[in-house]
């Protein structure tokens, strides 16, 4: 364990049982993303993205990154699913039909970028390598010094709040700014229950969403017409 | 929003434990997984769950949207002022050692991290609630047929 090289040669990720768990989760991730690509109903896509986040969280747990898994489950599967649902309420329920035009060009771009990424992974250190750059320099220093300098068991917290405290303040400022921006962009009329909001693009989207595109055109407009907004406008 | 009796009962049962778990994640973050970011989101998710079951108006009665900007500013300022406190006590910005210089078990670090993480939690919670309120508040009510 102390000698990085011997640890790297002893450790074979593919021989441990957790490897098969990871393989299964990664396979499910691919299946979920393909299902998201093929689905046209946005509600289903949002639900699948929540499932994708939960699978990612499970994958992070398998990688021993519990803090990241925690955040992914809370933010990715919880909050962003709700936010996507509320955003979906403001727009159409269905994705626009696929218009084949630049399919060949897109395929070429995908193949090139994907090939470049796979080529880049050939240079990456093997999984679990103790001599990898991420585990060597500053990371190793945090692991060694955190118990003495901060005396806290959770190294993630010491790095986040103490060693990189200034960075975290920037992150909080980013979240603050996001809340502020949403308040400024969407705030008008919201405190009155949204009744006075007139969104021209949303109306256009609603019309496109009507008959002609979906198999069940009446489903989307079912609860809309008797709403207070219809009476007010 | 009438109906959904089972959902509402389950939400009522879950609401307090979720808040308790949020507090645990907030203040146990230096010993176990978690911290201000996760705790703020968990806290917000309890209120969002409540809003999904009982409607936005009912939620805003208990947590008015007008108080959220103050929470947001408070969280960010608590973080920044903890840093400035280090400056005033003779250290660097965000230097927690000077908060308890005579401690042999790094009490200053613990105080600083608890304060800073609490600021993060408050800011994240109020920002998430603000974003949710303003997204969900665009529609007067979410009809069942919209799902």
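No lab work stands behind these numbers, since they all come straight from the coordinates. Source: prediction; values computed, not measured. All Cβ positions, even for glycine, are placed from backbone atoms using ideal geometry, and neighbour counts span all protein chains on display.
Using only C-alpha positions, report the orientation-averaged shadow area of the convex hull of chain B, nm², one decimal.
Numbers: hull surface 41.0 nm².
That works out to 10.3 nm², a quarter of the Cα hull's surface.
What do you get for the angle between helix B:68-88 and the principal long axis of chain B? Use alpha-carbon atoms, 0 to 90 degrees, nearest ten.
So the inclination is approximately 10 degrees.
Working from Cα positions, state the angle (0 to 90°, nearest 10) between the long axis of helix B:36-54 and the longest principal axis of chain B.
Between the helix axis and the principal axis of chain B, the angle is about 20 degrees.
Using R₀ = 35 Å, calculate the FRET efficiency as 1/(1 + (r/R₀)^6) where r is the Cβ-Cβ separation of residue A:151 and residue B:20; round to 0.05.
Taking R0 as 35 Å, the efficiency between residue A:151 and residue B:20 is 0.85.
Sorting B:111, A:34 on the 10 Å Cβ count, fewest up front, what's the list?
A:34, B:111
P(r) for region A:1-160, please, calculated from all Cα pair distances in 10 Å bins and given in %.
Histogramming region A:1-160 at 10 Å steps yields 9, 22, 32, 23, 11, 3, 0 percent.
Rank the residues B:74, A:20 as a footprinting-exposure proxy: fewest other Cβ atoms within 10 Å of their Cβ go first. Provide the component values of the computation, followed by the final result.
Numbers: B:74 16, A:20 10.
The fewest-first ordering by Cβ neighbours comes to A:20, B:74.
Kindly provide log₁₀ I(q)/I(0) values, in the same order as q = 0.14, 0.17, 0.27 Å⁻¹, from the Debye equation applied to equal alpha-carbon scatterers of region B:1-77.
Scattering profile of region B:1-77, log10 relative to I(0): -0.54, -0.75, -1.22.
Can you work out the FRET efficiency for the pair residue A:38 and residue B:13, with r the C-beta to C-beta distance and R0 = 35 Å, to the nearest 0.05?
That gives a FRET efficiency of 0.40.
Among A:174, B:73, A:148, which comes first, second and so on when ranked by fewest other beta-carbon atoms within 10 Å?
A:148, A:174, B:73
Suppose the chain between residue A:95 and residue A:107 were pulled fully straight at 0.36 nm per residue; how much longer would it get relative to their current alpha carbon spacing? Provide the component values of the computation, followed by the final result.
Numbers: separation 12, 0.36 × 12 = 4.32 nm, distance 2.07 nm.
Computed gain between residue A:95 and residue A:107 is 2.2 nm.
What nm distance separates the two modelled labels at residue A:177 and residue B:73, each placed 7 Å from Cα along Cα→Cβ?
1.9
So what's region A:69-171 giving for Cα Rg divided by 2.2 N^0.38 Å, two decimals? Numbers along the way, then the final one.
Values: Rg = 21.6 Å, N = 103, 2.2 N^0.38 = 12.8 Å.
Taking the Cα Rg and dividing by 2.2 N^0.38 Å, one obtains 1.69.
Please work out whether region A:9-95 counts as rounded, prolate or oblate from its C-alpha gyration tensor, where a ≥ b ≥ c are the square roots of the eigenvalues and a/c under 1.5 means rounded, while otherwise a/b larger than b/c means prolate and anything else oblate?
oblate
Each label point is 7 Å from the Cα along the Cα-to-Cβ direction; what then is the distance between the points at residue A:124 and residue B:57, in nm?
5.2
Can you give the mean number of other chain Cβ atoms that lie within 10 Å of the Cβ atoms in peptide A:155-166?
Counting other chains' Cβ atoms within 10 Å and averaging over A:155-166 gives 6.
Considering the zone a paramagnetic label at residue A:19 would reach in this model (a point 7 Å from Cα along the Cα-to-Cβ line), which residues of region A:119-149 have amide N under 16 Å from it?
Counting only backbone N, you get A:126-130.
Calculate for chain B the 222 nm mean residue ellipticity that helices alone would give, adding -39,500 (n - 2.57) per DSSP H run of length 4 or more and normalising by residue count, nearest 500 deg cm²/dmol.
After summing the helix terms and dividing by residue count, I get -23500 deg cm²/dmol.
In degrees, nearest 10, range 0 to 90: what is the angle between the Cα axis of helix B:5-27 and the longest Cα principal axis of chain B?
Orientation of helix B:5-27: about 10 degrees from the principal axis.
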